[in-house]
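Beneath this line is the structure, given in structure tokens, with notes to follow.
The values are calculated or read from the model by the stated rules, or taken from the named source; none is laboratory data. These figures come from a predicted structure and were not determined experimentally. Every residue, glycine among them, receives a Cβ derived from its backbone with ideal geometry; neighbour counts consider all protein chains shown. These accessible areas exclude ligands, DNA and RNA; they are computed on the full protein's heavy atoms, side chains included. Shrake-Rupley method; radii C 1.70, N 1.55, O 1.52, S 1.80 Å.
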Amino acid sequence: MSEQVFINNDFADVMLNRKSVRRFDPEFKIDREEIKEMIAQACSAPSACNLQSWHFVIVDQASGKEKLKDVTMPFNYPQLETASAIVFVLGDTHSHKVYREVWTKYCQEGRISEEKLQEVFSTFLPLYENASQEFLEKDATLDGAMVAMQLLLVARSHGYEANAWAGYKAADLVTALDKDSQRYIPIMAISIGKADETPIDSARYDTESLISVLD
Ligand SMILES: Cc1cc2nc3c(=O)[nH]c(=O)nc-3n(C[C@H](O)[C@H](O)[C@H](O)COP(=O)(O)O)c2cc1C
């Protein structure tokens, strides 16, 4: 995948200087194709068994934003109303339904051997075929969080700022996005745009207090 579009390719700056920007220039538009490009780049994220249990809903029009007002917590209205685009990251609990197909294709394309394919089918596939809803939702949540984090950083490398937010009515969000709530679960929203505020200079705990070592 091309790195040409990364106008900021300084990893230290992209990662270490990222802060949640919650208010954006409402007049600033990002081409929808570029939003799709950012999503495609974020999808280089790893996922459990490469099932890529994620789905994205782009909201970049006033009409779409209006439809989501009722399910958005009011403290997140600035992110909803002023962002050039909000990408709602959903988890896909049906991703395992194409498990056989995906891995068979890898084998046909020569990415893995027939032996490896049979190993995958006998080890991981049964996990998913017999999985509980809870297992599938957890897997989709982990995958979704990985790709959402990448999208936050990709947005910065495109020269934009972003904010991850989950302050919405989770039980109603998927339906409000016009998606199947039996299949998809909310992960988080990523608002992307041109900053119109100086973000809070957030701090982190001393990592020494967070780290244990098991010898
Ligand atoms: C899962 C998740 C949910 C969040 N939900 C919200 C939210 O609803 N509203 C909001 O303003 N910020 C939200 N945030 C942003 C956090 O408040 C922010 O990341 C944190 O305060 C650290 O600040 P920083 O991102 O500037 O480093 C969320 C972040 C994450 C990862």
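Could you identify the single residue in Ser202, Ser209, Ser191 that is of a type in the set (S, T, N, Q) and buried (at least 21 other Cβ atoms within 10 Å of the Cβ)? Steps first, please.
Details: Ser202 fails: buried (at least 21 other Cβ atoms within 10 Å of the Cβ); Ser209 fails: buried (at least 21 other Cβ atoms within 10 Å of the Cβ).
Among Ser202, Ser209, Ser191, only Ser191 is of a type in the set (S, T, N, Q) and buried (at least 21 other Cβ atoms within 10 Å of the Cβ).
Among the residues of segment 23-44, is any closer than 14 Å to Ser157 by Cβ, in contact (Cβ under 8 Å) with a residue 60 or more places away in the chain and within 16 Å of the ligand (Cβ to nearest atom)?
Yes, because at least one residue in segment 23-44 is closer than 14 Å to Ser157 by Cβ, in contact (Cβ under 8 Å) with a residue 60 or more places away in the chain and within 16 Å of the ligand (Cβ to nearest atom).
Can you confirm whether segment 81-89 contains a residue that is touching a Ser or Thr at 6+ places or on another chain (Cβ under 7 Å) and under 30 Å from Ser191 (Cα atoms)?
yes
Hey, does segment 175-193 have a residue that's out of contact with any Gly (no Cβ under 9 Å at 6 or more places or on another chain), assigned to a strand (DSSP E or B), more than 10 Å from the ligand (Cβ to nearest atom) and not basic (Lys, Arg)?
Yes - at least one qualifying residue is present in segment 175-193.
Restricting to segment 140-163, count the residues that are open to solvent by 20 Å² or more (accessible area, probe 1.4 Å) and in a helix (DSSP H, G or I). Break it down into steps so the answer makes sense when it comes.
From segment 140-163, those open to solvent by 20 Å² or more (accessible area, probe 1.4 Å) are 141-142, 145-146, 149-150, 153, 156, 159-161; that's our starting set.
Next, only the ones that are in a helix (DSSP H, G or I) stay: 141-142, 145-146, 149-150, 153, 156.
The total comes to 8.
For Gly159, work out the one condition from (1) free of Cβ contacts under 8 Å to residues at least 60 places away in the same chain; (2) farther than 16 Å from Gln52 by Cβ; (3) more than 16 Å from the ligand (Cβ to nearest atom) it doesn't fulfil.
(1)
Name the pairs whose Cβ atoms lie under 8 Å apart, with the first residue in segment 67-79 and β-branched (Val, Ile, Thr), the second part of a helix (DSSP H, G or I) and open to solvent by 60 Å² or more (accessible area, probe 1.4 Å), and 6 or more positions between them or separate chains?
Val71/Asp172
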